[in-house]
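Okay, so here's the structure we're looking at.
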Protein chains: 2
Amino acid sequence: MLKDMTKEQLLDFKSEVMKQYDNACAKKLKLDMSRGKPCAKQLVMSEGMLTALSTNEDCFTGATDCRNYGGLDGIDEMKEIFASILEVGKENILVGGNSSLNMMYDTVSRAMTFGVHGSDAPWSQQGKIKFLCPVPGYDRHFAICELLGIEMINIPLTGTGPDMDLVEKYVENDPSVKGIWCVPHYSNPTGETYSDEVVDRFASLKPAAKDFRIFWDNAYIIHDVIYGAKRVKNIYEACKAQGNEDRVFMYTSTSKISFPGAGVACLAASEANLAQIKKLLAIQTIGPDKLNQLRHVRFFKNADGILAHMKRHAEILRPKFDIVFDGFEKELTGLGIASWTKPTGGYFISLDVNDGCATRTYDLAKAAGVTLTNVGATFPYCKDPLDKNIRIAPSFPPEDELTQAVEVLCICIKLAAVEKLLAE
Amino acid sequence: MLKDMTKEQLLDFKSEVMKQYDNACAKKLKLDMSRGKPCAKQLVMSEGMLTALSTNEDCFTGATDCRNYGGLDGIDEMKEIFASILEVGKENILVGGNSSLNMMYDTVSRAMTFGVHGSDAPWSQQGKIKFLCPVPGYDRHFAICELLGIEMINIPLTGTGPDMDLVEKYVENDPSVKGIWCVPHYSNPTGETYSDEVVDRFASLKPAAKDFRIFWDNAYIIHDVIYGAKRVKNIYEACKAQGNEDRVFMYTSTSKISFPGAGVACLAASEANLAQIKKLLAIQTIGPDKLNQLRHVRFFKNADGILAHMKRHAEILRPKFDIVFDGFEKELTGLGIASWTKPTGGYFISLDVNDGCATRTYDLAKAAGVTLTNVGATFPYCKDPLDKNIRIAPSFPPEDELTQAVEVLCICIKLAAVEKLLAE
């Protein structure tokens, strides 16, 4: 443990690490562990989708010409696939364009301007609005709130979901709390999966606001890296069992299944919620790209086809997660300067360094040619109160680059930690 | 002229038309002239686009992997095509998804929530907001205003664009007038093209509101049906020459070029306008579908490729416009009960029947199996103050069906007119 070392020992440690750091810098690396992007090998697997529709005749499904106008909520076959993955009815699915983030933004933006089903007034006319934000979390959720002037409240994650005592306290007592952002499966970045108890407590909440909504971003719903892990309990069924089926908006997409820039996104919700949304959506747009939906349907055939495809993704991702786990274990175990999550799926690993060391670690890594996710990105307003969390995204770099990047990162973690201890 | 007939002559006329109408009804037709949709023959022409990207290697443009995340405003080659069509710089182009309507909605919605570049406050916080609406016009423009609570003011079209005296009066004196909807080329539904003088007067407006914007929906910019017609003067250049380049938002798309449900849309505007929008857009979405852009680029090659493609569309559309023109001329000339526009491009013909006769004509046609665009759709709040305008959309039905539909429509126009005269 570094904290038990004498000053002399720390100086020796630092001098050794400094040498390693200088060596790393001398290599003039250019490595990137910042973004949760599928890698080339994963994308190659969907090549067949490019030609899944090759002729005019291919573009029909039943009487629907997917090339032409028409259809606001997606083609039936695409709805069926999403319904199967999300374990809801086809009538609960609204298929969108290529971005589930866009669907989330639109949902919140519409709520601000028009309210949600059952609102007495648009959210923007109900005074100060607040969202609960389990942390560390996904920066782009937080950015939507910040842009729309929605106050964010940090809720610690526990390893099996948000601290539900706190969630209940806020949601049940403060009518200005209108929403909560959740990534229930392989949460970004901790990789944790919400427990059944957490899901049940969400379903049983008695919100002070009648138009409170759970934003259930199930981006990694079938993104196992190690198979056999438990799936999240079906929140829609849980809510419905309590008569609260209007409480939850669920999202997912094929962005990390087929092509990240050209996938298909969806929103799932109660029929009452969807009816309110579709009425507004009919004014917003001519409807989503049906050809791209049909391409997905023809290529994957059905939800089973997608699951099989995801197993092949896992084969590529698993060694990358292992490189990070192994590197951290080898270099950092026993030093008391870092802890990290060991997710069995998703796209991220959450690394906690010593308090006040994240920014310095990031800066050191950057100077050594390793780009990490911006420090603070995992917290509302980009402010990590303890300056300790770093999101690791192992998916994109090739294995050799990732190995190098983890080595450099470990050196930076050590250097930042020893600097801090020496300065104290 | 019907209005010069004696009552007896009118009764004879009615009885004759009634016989024709009964005959038409007996045929149990099911014809549709309601929607501005390209027909099957037009869609078939873009079959090659389906396989324009067939392999993984096809999906790159330069270093950009169009399958993966990244890029908020479109790929360079797609920007170049739109820039060339709209006669603006590449830096003025923001490429969107498959719906220019969606881009328009988003522009107005963002203006309501955040304001536009140069606004002192969001439009929604500036009291009552108004838009000018040249009429007859496009129902979906009007629906956006209605949904967002923007008051609409009818501005008559003159055959060469809106009544600019009225436009100037409103825009220059009323600071609550924040926008105007324009379809400058082959206006929907009149088919008229704005004159150079109209464009120049738009460019020289001295708006009372500093954040006034022209919504220039150039949906039919290269959609000539008869070639050799004049194009609209470049409004961006005209505005820029007056130092007013921030005044105009321009839109177009490939919806009626490639595939209506799976085309590519764009917004063109000054760099200052785009900078403000892109900052917000970066929170809204992960960015548009780059693969579909690249598909368009590879299939059409460049703007010239699109222009050549549009000449082939015109070959299909021209006979359809002629069927309507010929039918109207043969059946209605000299009766003084209808007038119609004769556009040289676009997707519509505007039919004016006698005052108070549009709804009855629509109902008669519907009962005889011919679906027309809803009466009133071409006016704000779906209210045609004189109940006289009907939008004719000749593109979608096959020629034989269109011929029949026009015949039936002419019978209905006559019947509604004679009924009205007899009732007076």
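Tabulated data
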quantity: Odd one out for B:Val370, checked against (1) under 25 Å from B:His141 (Cβ atoms); (2) crowded, with 19+ Cβ neighbours inside 10 Å; (3) β-branched (Val, Ile, Thr); calculated: (1)
quantity: Residue match in region B:156-169 (condition: under 21 Å from A:Asn102 (Cβ atoms), of a type in the set (D, E, K, R) and at pLDDT 95 or above); calculated: no
quantity: Residue that is nearest to the other protein chains (Cβ to nearest Cβ) [pool: residues in region A:69-83 that are open to solvent by 20 Å² or more (accessible area, probe 1.4 Å), under 20 Å from A:Ala272 (Cα atoms) and not charged (D, E, K, R)]; calculated: A:Gly71
quantity: Residues that are more than 13 Å from the chain's Cα centre (by Cα), away from chain A (no Cβ under 13 Å) and either β-branched (Val, Ile, Thr) or not in a loop (DSSP other than H, G, I, E, B) (or both), drawn from region B:134-161; calculated: B:Glu151, B:Met152, B:Ile153, B:Asn154, B:Ile155, B:Pro156, B:Leu157, B:Thr158, B:Thr160
quantity: Restricting region B:162-174 to residues that are outside any strand (DSSP E or B) and open to solvent by less than 20 Å² (accessible area, probe 1.4 Å), the residue that is farthest from the other protein chains (Cβ to nearest Cβ); calculated: B:Met164
quantity: Any hit, region B:284-297, residues being over 21 Å from B:Ile81 (Cα atoms) and part of a helix (DSSP H, G or I); calculated: yes
quantity: Scan of region A:111-133 for residues that are among the hydroxyl-bearing types (Ser, Thr, Tyr) and more than 14 Å from chain B (Cβ to nearest Cβ), ordered by number; calculated: A:Ser119
quantity: Criterion: within 13 Å of another protein chain (Cβ to nearest Cβ), over 22 Å from A:Cys39 (Cα atoms) and in contact (Cβ under 8 Å) with a residue 12 or more places away in the chain - qualifying residue of A:Asp246, A:Asp289; calculated: A:Asp289
quantity: Residue in region A:112-126 that is out of contact with any Leu (no Cβ under 7 Å at 6 or more places or on another chain), surrounded by 16 or more Cβ atoms within 10 Å (Cβ to Cβ) and among the hydrophobic types (A, V, I, L, M, F, W, C) present; calculated: yes
quantity: Residue that is nearest to A:His296 (Cα to Cα) [pool: residues in region B:59-68 that are touching a residue at least 40 places away in the same chain (Cβ under 8 Å) and within 7 Å of chain A (Cβ to nearest Cβ)]; calculated: B:Arg67
quantity: B:Tyr194 vs. criteria among the aromatic types (Phe, Trp, Tyr), open to solvent by less than 40 Å² (accessible area, probe 1.4 Å) and either within 14 Å of another protein chain (Cβ to nearest Cβ) or in a loop (DSSP other than H, G, I, E, B) (or both); calculated: yes
quantity: Yes/no for A:Gly336 being outside any helix (DSSP H, G or I) and surrounded by fewer than 16 Cβ atoms within 10 Å (Cβ to Cβ); calculated: yes
quantity: Any hit, region A:34-54, residues being open to solvent by less than 10 Å² (accessible area, probe 1.4 Å), away from chain B (no Cβ under 13 Å) and under 26 Å from the mean Cα position of the chain (by Cα); calculated: no
quantity: Single condition B:Ala203 does not satisfy, out of (1) among the hydrophobic types (A, V, I, L, M, F, W, C); (2) over 24 Å from B:Ser46 (Cβ atoms); (3) part of a loop (DSSP other than H, G, I, E, B); calculated: (3)
quantity: Unmet requirement for A:Asn98, which otherwise passes all of (1) surrounded by fewer than 17 Cβ atoms within 10 Å (Cβ to Cβ); (2) at the interface with chain B (Cβ under 7 Å from one of its Cβ atoms); (3) closer than 30 Å to A:Ile144 by Cβ; (4) polar (S, T, N, Q); calculated: (1)
quantity: Considering residues of region B:269-281 that are open to solvent by 10 Å² or more (accessible area, probe 1.4 Å) and either touching a Phe, Trp or Tyr at 6+ places or on another chain (Cβ under 9 Å) or without any contact (Cβ under 8 Å) to a residue 24 or more places away in the chain (or both) only, the residue farthest from the other protein chains (Cβ to nearest Cβ); calculated: B:Gln276
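Okay, residues lined up against (1) of a type in the set (Phe, Trp, Tyr); (2) open to solvent by 10 Å² or more (accessible area, probe 1.4 Å); (3) at pLDDT below 95:
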position	(1), (2), (3)
B:Ile214	no, no, no
B:His223	no, no, no
B:Val248	no, no, no
B:Thr254	no, no, no
B:Gly261	no, no, yes
B:Val264	no, no, no
B:Ile283	no, yes, no
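The values are calculated or read from the model by the stated rules, or taken from the named source; none is laboratory data. What you are looking at is a predicted structure, and each value in this text was computed from that prediction instead of being measured. Heads up, the Cβs are rebuilt from the backbone with ideal geometry, glycines too, and the neighbour counts pull from every protein chain shown. Ligands, DNA and RNA are excluded from the accessible area calculation, which covers all protein heavy atoms including side chains. Shrake-Rupley method; radii C 1.70, N 1.55, O 1.52, S 1.80 Å.
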